[in-house]
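Here's the structure we're looking at; comments come further down.
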């Protein structure tokens, strides 16, 4: 049971966003800009970083939700998402994405862990400043979202189909879209 | 040196917010709503939580910046801030604030660490749902801000007076205020 009173039927962050609209407004706008705004990374790549960090933080709701969004965005390459969660170094990802996931993994632990060598490796594989920025901020942001969701004891659906359906809708409509039980 | 190209003279998060305005707009609005919007906690109490989490994450820029803001807001009780960072259980804080800092410390480590007993203790000391929500989200948010600042290798001033001056200005004007070198 959640640690605070939340509307029934709205899992994970969705009940929190509904009950606390003053902060939700900015969190939705932030997610939209970060994960879907202009970037040298595709939205699929940014959602993969979000999924990877949520998996490292063992946040069941966020991991399943963003994995479903990433699968929807990767389309024919959807299996990449589960391969990346299982072992990204052995997944069929570009060297750039692997180098960025190394950085994301360091940020998940502690921002100070990112080294000049980590950044140099990402640049050598084609990452520009914006890609490095968006990787670090996405990893940092999911250290927030994961703690928000789990720190308040919200519930996570166990039905995989529910995540796939919600993920496809979110991938299509983005983070500013709000539709009660459609979320 | 920072891991990406940032404008000279703007320490910590200020250079990042200047260089990446698409996300900065939402981060500023989020900080304003979270730390200064309507709440059952005072802004001074919320800044104390932000400072405590930044200290736990050893983020020098965020800890010094928010300690200075908190000191400015606590006014005559400004010494409370340093006492709380050093050992909050022995500081002259209310039982409610001590219980909320226990929760913030759990969230800083891993959101799943917050127990029903932690929340019950905070409620028994007078915390309502909004106070518990704002404590968890503030602690979670600074796990993001700290990682954003440190994950990109930004620099932190060593001059205590610079933090005090910037903190007093931020305490007065809030997070939507932008003024280049005044930050």
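Computed values, structure above
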read-out: Candidates B:131, B:104, B:99, filtered to the one that is away from chain A (no Cβ under 12 Å), part of a helix (DSSP H, G or I), within 18 Å of the chain's Cα centre (by Cα) and within 16 Å of residue B:45 (Cα to Cα); value: B:99
read-out: Selection status of residue B:18, at pLDDT 95 or above, within 20 Å of residue B:73 (Cβ to Cβ) and out of contact with any helix residue (DSSP H, G or I) (no Cβ under 7 Å at 6 or more places or on another chain); value: no
read-out: Contacts under 9 angstrom Cβ, first residue in the stretch B:53-72 being at positive phi, partner crowded, with 24+ Cβ neighbours inside 10 Å, 6 or more apart; value: B:58/B:146; B:58/B:150
read-out: Qualifying residue in the stretch B:56-69 (condition: part of a loop (DSSP other than H, G, I, E, B) and more than 13 Å from the chain's Cα centre (by Cα)); value: no
read-out: Some residue of the stretch B:111-122 being under 30 Å from residue A:104 (Cα atoms), within 8 Å of chain A (Cβ to nearest Cβ), buried (at least 24 other Cβ atoms within 10 Å of the Cβ) and touching a residue at least 24 places away in the same chain (Cβ under 8 Å); value: yes
read-out: Breaking point among (1) facing another protein chain (nearest Cβ under 10 Å); (2) without any contact (Cβ under 8 Å) to a residue 12 or more places away in the chain, for residue A:158; value: (1)
read-out: Verdict on residue B:137 being touching a helix residue (DSSP H, G or I) at 6+ places or on another chain (Cβ under 8 Å), under 18 Å from residue B:41 (Cβ atoms), surrounded by 15 or more Cβ atoms within 10 Å (Cβ to Cβ) and within 14 Å of another protein chain (Cβ to nearest Cβ); value: yes
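The values are calculated or read from the model by the stated rules, or taken from the named source; none is laboratory data. What you see is a predicted model; the values in this text were computed from it and never measured. Here the Cβ is made from the backbone with ideal geometry for all residues, glycine too, and neighbour counts use every protein chain on show.
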